[in-house]
1. For the range 73-84, enumerate the residues that are surrounded by fewer than 15 Cβ atoms within 10 Å (Cβ to Cβ) and either in contact with a strand residue (DSSP E or B) (Cβ under 6 Å, 6 or more places away or on another chain) or more than 22 Å from Tyr124 (Cβ to Cβ) (or both).
2. Scan the range 150-179 residue by residue and report those that are open to solvent by less than 30 Å² (accessible area, probe 1.4 Å) and in a strand (DSSP E or B).
3. Say whether the condition of being among the acidic types (Asp, Glu) and touching a Ser or Thr at 6+ places or on another chain (Cβ under 9 Å) is met by at least one residue in the range 40-49.
4. Six or more apart or on different chains, Cβ atoms under 7 Å: show the pairs whose first residue is in the range 113-133 and closer than 19 Å to Val74 by Cα and whose second is open to solvent by 70 Å² or more (accessible area, probe 1.4 Å).
5. Residues that are in contact (Cβ under 8 Å) with a residue 12 or more places away in the chain, open to solvent by less than 30 Å² (accessible area, probe 1.4 Å) and either under 22 Å from Glu106 (Cβ atoms) or in a strand (DSSP E or B) (or both): does the range 252-260 have at least one?
6. In the range 115-149, which residues are touching an Asp or Glu at 6+ places or on another chain (Cβ under 9 Å), basic (Lys, Arg) and not in a strand (DSSP E or B)?
7. Return yes or no: is Ile223 open to solvent by 40 Å² or more (accessible area, probe 1.4 Å), more than 21 Å from Ile109 (Cα to Cα), at pLDDT 95 or above and in a loop (DSSP other than H, G, I, E, B)?
Amino acid sequence: MTLKPILKDILVAVIAVMAMTSCFLPHSTEDDNKYDITDKFGLTWNADETMVKNADGTISFHARAWGGLAASMVSVDGPADFSPYESIVVEFSKPTPCITQIIFNEQIISWGKAEITRLEASLYGFDLRQIQQVALQFSKDCTVDISRIYLVKTTYEWQSTQLWEGSCKLGNWTGSLTIRPEKFDIAVAGDMLEIKTIMDKNSPELGYWQIKTEISDTQDVLIGNQDHLNEWGCASIDKGTCSLLVPLTARDVARLQSHGLHIVGFYKVVTQVNLLQ
């Protein structure tokens, strides 16, 4: 049996289109697990901020202090749903000249120190169903060179073990919370510490809120999130209901198991501490 000429021509055309299309589809599992949003960045929060999209696909952003480079995530279907993703990654082609903040809508997702070339922020625990805008903020007037911004799909379901629950007001570094060493007996390197917080109604409008995770009875801090810490070892987080997530290194685990955890901070209320495995 032979195909009629017209059907044969259609079949050949379809095969040709499929062959060409396959050249543009991701071929690796790594690509399948990433959603690149670099091209969506084209808005600035200040009129005198400028951005240049370079020929190699990178972005040079001429920032004003605490201005912003933003991407609209609203389509004809409405705001984006980032629920399938576990983290956002910003890669810089040159070390950052200052502090970086990642913001979804108006909520601070993460804070990164200066002189880094990669900032990854876990999205675990955030409400990601209605994302209208993603923005990057920088702490001073500077030029920042960005090579890529992408989301990473969730590939693992964390299991949560509660270490502590209550209401601990940290105030102006006056309150604190201590978790005993034996609570960390099951912890291993690669686990993550989740510190759930809410807004302190007595918080002054200073524009920043911080948590510091220390090894009890020492002045040392956990190092799994060191790229997110300022020079005093503090992590900045959003003022509202949110979590601080700290990946645990082998060193962190060993010291937590021998000393325990001590949490202090600036105008946040800690409501729960969990070990994610």
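1. Going residue by residue through the range 73-84, those that are surrounded by fewer than 15 Cβ atoms within 10 Å (Cβ to Cβ) are 74-78, 81, 83-84.
Within the range 73-84, Val74, Ser75, Val76, Asp77, Gly78, Pro84 qualify.
2. Step one: list which residues in the range 150-179 are open to solvent by less than 30 Å² (accessible area, probe 1.4 Å), which gives 150-152, 163, 168, 170-171, 175, 177, 179.
Result: Tyr150, Leu151, Val152, Leu163, Cys168, Leu177, Ile179.
3. Start the filter on the range 40-49 by keeping residues that are among the acidic types (Asp, Glu), which leaves 48-49.
Those left that are additionally touching a Ser or Thr at 6+ places or on another chain (Cβ under 9 Å): none.
Checking the range 40-49: not a single residue is among the acidic types (Asp, Glu) and touching a Ser or Thr at 6+ places or on another chain (Cβ under 9 Å).
4. Close Cβ pairs (under 7 Å, with a partner that is open to solvent by 70 Å² or more (accessible area, probe 1.4 Å)) amount to Leu128/Asp81; Arg129/Asp81; Gln132/Val74.
5. First, pick out the residues of the range 252-260 that are in contact (Cβ under 8 Å) with a residue 12 or more places away in the chain: 252-253, 255-260.
Now restrict to residues that are open to solvent by less than 30 Å² (accessible area, probe 1.4 Å): 252-253, 256, 260.
Next, only the ones that are either under 22 Å from Glu106 (Cβ atoms) or in a strand (DSSP E or B) (or both) stay: none.
No: zero hits.
6. Arg129
7. Details: open to solvent by 40 Å² or more (accessible area, probe 1.4 Å): yes; more than 21 Å from Ile109 (Cα to Cα): no; at pLDDT 95 or above: yes; in a loop (DSSP other than H, G, I, E, B): yes.
Here the answer is no, as Ile223 does not meet what is asked.
The values are calculated or read from the model by the stated rules, or taken from the named source; none is laboratory data. Quantities reported herein were computed from a predicted structural model and do not represent experimental measurements. All Cβ positions, even for glycine, are placed from backbone atoms using ideal geometry, and neighbour counts span all protein chains on display. Heavy atoms of the whole protein, side chains included, go into the accessibility calculation; ligands, DNA and RNA do not. Shrake-Rupley method; radii C 1.70, N 1.55, O 1.52, S 1.80 Å.
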